[in-house]
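All remarks here apply to the structure that follows.
The values are calculated or read from the model by the stated rules, or taken from the named source; none is laboratory data. Worth saying up front: this structure is predicted, and the values here are computed from it rather than measured. All Cβ positions, even for glycine, are placed from backbone atoms using ideal geometry, and neighbour counts span all protein chains on display.
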Amino acid sequence: MTTTRTRVAIIGAGPSGLLLGALLHKADIDHVIIERQSPDYVLGRIRAGILEQVTVDLLHEAGVGQGVESGGTVHHSIELVFKNTRHPIDVTGLTKGKVVTAYGQTEVTRDLMAQRSQLNLPTVYEAADVQLHDFDGHQPSVSYTKDGVNHRLHCDFIAGCDGFHGVARASVPKDAITEYEKVYPFAWLGVLADVPPVSSHAIVYANSERGFALCSMRSMTRSRYYVQCPSSDKVEDWSDQRFWDEVRRRLDPELADRMQTGPSIEKSMAPLRSFVAEPMRFGRLFLAGDAAHIVPPTGAKGLNLAASDVKYLSSALIEHYKEKSDAGIDHYSQRALARIWRAERFSWWLTTLMHQFPESGAFGQRMQEAELDYLVRSQALSTSLAENYVGLPLDFG
């Protein structure tokens, strides 16, 4: 067995692990990233692509802001469709100038990977049998197998950035963690296609008696569309033609006529759930990103929450090493969870407002339409939507 040492062992080379590594490198803090999948597999996970300003600022802080600066598309508004009518919400105007930026998670990951490769920072891909040891004491370590050789990495801290199904949260004793979960009775079918977005300046959220639809974008030539469907559906149940026809039926007539369609280059089914694990610190192990929480994709908070976790955690670790203070470490879980629960509330509310629920029936649909009608007419409620959509400040409250 080979034995090495670093200050911080990061489990997971998705965007949260890579971003944490970039910020620690900027602060000259030694670290190693351990990932059980290959780089191509990590890049192949096509996910959300709407970034809050907090996330964009963090990418610049990490030294990888050039990609989003040149390839991102700034959005100043969103559009809500209900009762076959579209209503714009002036997000920028309601939040005194704040915006969101369309830039795919795949692109964020690629930018972070490229920087890490250029700097020759240590990353172990395709690590098998990853196990965390002694994180409740003063000498934690991570063991893994690579190319048939056993390795042991000793460290000061372990950052679990390895997603919902990763080893980090699973390593925590069951009696030391509390999990909160809501599973929604439907899924999203998503299609990626090389067609211009139906709206180049806004994300479109549609509520209809047939169910929810979302029109988003990755660039001015690549679009991402979703429709609500039963959880029992399978991707092969949906031809491209059936998908495009269903999206059109859920939009207002003008937008449906304008929409351009084409062959799908990726098609996937995503169940919806809300999930939070508390706390997010266990001795010298910290959870961040999907390892600690999941939000429904309505509202695009998943990647942004992971980024804010990383900001809190990187600041805490930098404070520990540079200022010899553990205040940030001691308050990491509390600070992160305060922001997480606010985002969970927003995602749950928007999901509840925009989707068809089997048990709600016609009355539920009418209630949604009444609330949407109030929302678009009320500056107070529109402002609340806009504030949450662009992202609450890191120091909110």
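Observations on the model:
- Filter result (part of a loop (DSSP other than H, G, I, E, B) and surrounded by 12 or more Cβ atoms within 10 Å (Cβ to Cβ)) within the stretch 237-248: TRP238
- Flag for SER232 being farther than 30 Å from LEU337 by Cα and of a type in the set (Ser, Thr, Tyr): yes
- Residues in the stretch 273-293 that are surrounded by fewer than 24 Cβ atoms within 10 Å (Cβ to Cβ) and within 25 Å of TRP349 (Cβ to Cβ): ARG273, SER274, PHE275, VAL276, ALA277, GLU278, PRO279.
- Whichever residue in the stretch 81-106 is more than 23 Å from PHE212 (Cβ to Cβ) and of a type in the set (D, E, K, R) and, among such residues, is surrounded by the most Cβ atoms within 10 Å (Cβ to Cβ): LYS98
- The strands (runs of 3 or more DSSP E) found entirely in the stretch 85-156 that carry 1 or more residues being closer than 30 Å to GLU254 by Cα, free of Cβ contacts under 8 Å to residues at least 60 places away in the same chain and among the hydroxyl-bearing types (Ser, Thr, Tyr) are 100-102.
- Restricting LYS301, LYS234 to those that are touching a residue at least 24 places away in the same chain (Cβ under 8 Å), among the charged types (D, E, K, R) and crowded, with 23+ Cβ neighbours inside 10 Å reduces the list to LYS301.
- Residue match in the stretch 381-394 (condition: over 20 Å from ILE203 (Cβ atoms) and of a type in the set (Gly, Ala, Ser)): no
- Count of the stretch 249-289 residues which are more than 30 Å from ASP237 (Cα to Cα), assigned to a strand (DSSP E or B) and either free of Cβ contacts under 8 Å to residues at least 12 places away in the same chain or out of contact with any helix residue (DSSP H, G or I) (no Cβ under 8 Å at 6 or more places or on another chain) (or both): 0
- Restricting attention to the stretch 330-358, the residues that are in contact (Cβ under 8 Å) with a residue 60 or more places away in the chain and over 18 Å from TRP188 (Cβ atoms) add up to 3.
- Wholly enclosed strands (runs of 3 or more DSSP E) of the stretch 1-76 bearing at least 3 residues out of contact with any helix residue (DSSP H, G or I) (no Cβ under 7 Å at 6 or more places or on another chain) and under 27 Å from VAL100 (Cβ atoms): 73-75
- Taking the conditions (1) in contact (Cβ under 8 Å) with a residue 60 or more places away in the chain; (2) loosely packed, with under 15 Cβ neighbours inside 10 Å; (3) more than 18 Å from the chain's Cα centre (by Cα) in turn, ARG45 satisfies each one other than (3).
- Only one of the listed residues (VAL74, VAL149, VAL64, VAL81) is more than 28 Å from GLY190 (Cβ to Cβ) and aliphatic (A, V, I, L, M). That residue is VAL149.
- Selection status of VAL204, closer than 24 Å to HIS293 by Cα and surrounded by 18 or more Cβ atoms within 10 Å (Cβ to Cβ): no
- Residue match in the stretch 172-185 (condition: part of a strand (DSSP E or B), surrounded by 22 or more Cβ atoms within 10 Å (Cβ to Cβ), at pLDDT 95 or above and among the β-branched types (Val, Ile, Thr)): no
- Taken together, the criteria exclude SER333 from residues that are surrounded by fewer than 18 Cβ atoms within 10 Å (Cβ to Cβ) and among the hydroxyl-bearing types (Ser, Thr, Tyr).
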